[in-house]
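The structure under discussion appears below in the form of C-alpha cells.
Taken together, the values in this text are just the output of simple stated rules run on the coordinates, not laboratory data. Predicted, not measured: the structure shown is a model, and the values here were computed from it. Positions of Cβ are generated from backbone atoms using ideal geometry, with glycine treated the same way; all protein chains shown enter the neighbour counts.
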Amino acid sequence: MAAMCRWGELSHHRRGLPNLIFLDLYNNAIEQISGLSPVPTLRVLMLGKNRLSRIEGLEVLPKLDVLDLHCNRIRTIEGLSHLAELVGVILYYSLLTRL
C-alpha cells in the first residue's frame, strides 16, 4: 500500500523555503493540490504520477511557468487561466476528455 503524502502536513518545513522555485512531488499518491500559498516564488511544479482528478489550488502561484500533471486522473483542463506566466503544462497519460 502506498504512503499518502500531503503537502499540508509538511507546513513546518515550508517556512524555511521562501525562495523555492522547483518542487518535485512525483509519485506520492497526492489526491488534491492545496496548501501552496507559502511558496509564491514557485516556478516549476512536478506532480506527475499522483491521484489528482482536478486542477485546483494554483491561484496562489503567480510565477508558475511549468506544471507537470502527467499520469493523473484529470479529465478536463481548467483552473489555469489566472496563471499569466504559465508556458508549459504536461498532461500525457491523463484521462482528458476535452480541452
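Under the Karplus relation 6.51 cos²θ - 1.76 cosθ + 1.60, θ = phi - 60°, what is the ordered set of whole-Hz ³J(HN,Hα) values for the range 61-77, x standing for Gly and Pro?
Computed from phi, the couplings for the range 61-77 are 10, x, 9, 4, 10, 9, 10, 9, 10, 4, 6, 10, 9, 6, 9, 9, 9 Hz.
In whole Hz, with x marking every Gly and Pro, tabulate ³J(HN,Hα) for the range 21-36 from phi via Karplus 6.51 cos²θ - 1.76 cosθ + 1.60, θ = phi - 60°.
For the range 21-36, the Karplus-derived couplings read 10, 9, 10, 10, 10, 4, 6, 10, 6, 6, 9, 8, 8, 7, x, 8 Hz, x marking Gly and Pro.
If each residue's Cβ is checked for other Cβ atoms within 10 Å, how do V39, V44 rank with the fewest at the top? Numbers along the way, then the final one.
Values: V39 20, V44 16.
Placing the least packed residue first, the sequence is V44, V39.
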